[in-house]
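The values are calculated or read from the model by the stated rules, or taken from the named source; none is laboratory data. Nothing here was measured: the structure is a model prediction, and the numbers come from that model. Counting neighbours? That spans all protein chains shown, and the Cβs are built from the backbone with ideal geometry, glycine included.
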Amino acid sequence: MEPEIEALVKQMSKDRFKRLLEDMQGMQEELLDPEVDISNQNKTNMASYSEVLSNTNTNTNQNKTVGADNTTDESYYPSDYIKPIFLTDTDVFGSVKPLRPLWLTNIEIYNAIDTKIPAERIKGIQRIPDMWRIYMDNEEDKLSLLVTEMNLRGRQVPHHSQNPRNPGNLQPDTTRIIVKNVPISADDGQIHRALTLQGCDIQSPNRKRLRVKGKIINCQTGDRIIISKLLDKPIARSLQIGKYMAIVIMHSGQP
């Protein structure tokens, strides 16, 4: 081969080899760039170990806060909204105020209620000037105390649904009406309508339940206990309620 041609071939080979190296380098850069980008992206989005711990603690604290809020909400019981009934000193001692050693005690009241209603249903007995507040944990037992009298110091003592010392809350006296001989399956609305037509201003109706071993159970007797404002005239003992001839017993004023 002539020297000029040989030199040209060598030059071409060197140029081609150089381009080949450049091409290979370019391909390598193209292959490496995405990895670098992915690596950078992962480094940008990936949280550090301390950040993970921080977020975990934050979430845990938030969960604890939510749990605490839920616990607070669930700590409210229906008994928190049951109003007290009242017992006055004058109901026990009359108009003469006794000496301090003879005052009623909360233990006396507790034991007296226990003869009517299981003592564990008493939520509180609070002394206030000249009277007592009595708190029950359910409306049924509260109503039972209102319509029955309690034996204290040898006297049958009534209870009050409102504070008798507060004129703003003072309401007319109430009477208890017991309705018998009406099936348990009968609608209480029929009884309500029949008594309303007789002039009753009904404050609260209730279905009487059995008391077994000192405890009221969820077995009904069929009797309805109605609390009404005092009537101008008593209701007849026999009263037609729907298709049933009911027997009506009034706590006071029954002829």
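Annotations for the structure displayed:
Yes/no matrix, rows are residues, columns are (1) more than 26 Å from Arg207 (Cα to Cα); (2) touching a strand residue (DSSP E or B) at 6+ places or on another chain (Cβ under 8 Å):
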| residue | (1), (2) |
| --- | --- |
| Ile82 | no, yes |
| Ser95 | yes, no |
| Leu104 | yes, yes |
| Ala112 | no, yes |
| Ile128 | yes, no |
| Leu145 | no, yes |
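- Test: residue in segment 104-126 that is assigned to a loop (DSSP other than H, G, I, E, B), within 30 Å of Gln240 (Cβ to Cβ) and of a type outside the set (Asp, Glu): no
- Taking first residues from segment 237-255 that are of a type in the set (D, E, K, R) and partners that are modelled with pLDDT under 85 and exposed (fewer than 11 other Cβ atoms within 10 Å of the Cβ), the Cβ contacts under 8 Å between residues at least 6 apart in sequence or on separate chains come to Arg237/Pro255.
- Qualifying residues in segment 163-221 (those that are among the basic types (Lys, Arg) and modelled with pLDDT under 70) - the one surrounded by the fewest Cβ atoms within 10 Å (Cβ to Cβ): Lys215
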